[in-house]
Amino acid sequence: MLTPGIKGKSETVVDSSNTAKAMKSGSLEVFATPAMIALMEEAAYKSVADEVGEGNGTVGTFLSVNHLSASPVGIKITCESELTAVEGRKLVFSVKVYDETGLIGEGEHHRFIVANEKFQTKANQKLVK
């Protein structure tokens, strides 16, 4: 049952693959904002994956993020998500990201519950002309 309060967590370590330089979002060897966003989405979607029903999944539709502090290569990053609202098929999450020294990012993330097969079929129709 989807109810506010469901929590999720995802983790990574900053390495050469998830720096701003590697992800082309900057030129420095620090944790990239796109990598932080991916971690936020991962924590949120995994937290409700078993609750959305057989054959269903969720897709991200909105993310508002503040990247507050830089994190160097080698440091552990942890994201925590919390489901704060269920509005029909729309799920609203609070997301916070920490490195080993404290809060480095936060935001709000929205996901929608979809029927996986129907959603994928509709997306694939863009390829048919």
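The values are calculated or read from the model by the stated rules, or taken from the named source; none is laboratory data. Not measured: the values here are computed from a predicted model. FYI the Cβ positions are ideal-geometry reconstructions off the backbone, even for glycines, and counts take in every protein chain you see. SASA here: full protein model, heavy atoms, side chains in, ligands and nucleic acids out. Shrake-Rupley method; radii C 1.70, N 1.55, O 1.52, S 1.80 Å.
Brief remarks on what is shown
- Shown here for segment 63-122: GluC sites (Glu not before Pro) in loop regions (DSSP other than H, G, I, E, B) with at most 13 other Cβ atoms within 10 Å, namely Glu100.
- With the simple model of a label 7 Å out from the Cα in the direction of the Cβ, Thr3 to Ala49 spans 2.4 nm.
- Listed residue (Leu83, Asn66, His110) projecting farthest to the positive dipole end of the chain, Cβ model: His110
- Using the Cβ-Cβ distance between Ser94 and Ser16 with R0 set to 22 Å, the FRET efficiency works out to roughly 0.15.
- Site pair Thr33 and Val65 shows an inter-label distance of 0.8 nm when each label is modelled 7 Å from Cα along Cα→Cβ.
- Proximal lysines to Lys7, defined as alpha-carbon separation beneath 17 angstrom and excluding residues fewer than eight positions away on the same chain: Lys46, Lys90, Lys96
- Share of carbon and sulfur in the accessible heavy-atom surface of the chain [1.4 Å probe, %]: 51 percent
- What the Cβ-Cβ distance of Ala115 and Lys24 gives, at R0 = 25 Å and to the nearest 0.05, is a FRET efficiency of 0.15.
- C-alpha long axis of helix 33-48 to longest principal axis of the chain, angle in °: 40 degrees
- The spacing between segment 105-129 and segment 1-74, judged by their C-alpha centroids, is 17 Å.
- Calculated from the structure at hand, semi-axes √(5λ) of the Cα gyration tensor in Å is found among (1) 28, 19, 11; (2) 21, 17, 15; (3) 22, 17, 12 as (1).
- Added length on full extension, which subtracts the Cα-Cα distance from 0.36 nm per residue, Val73 to Glu87: 1.2 nm
- Computed from point charges on the beta carbon alone (+1 for Lys and Arg, -1 for Asp and Glu), the dipole magnitude for the chain about its Cα centre is near 620 Debye.
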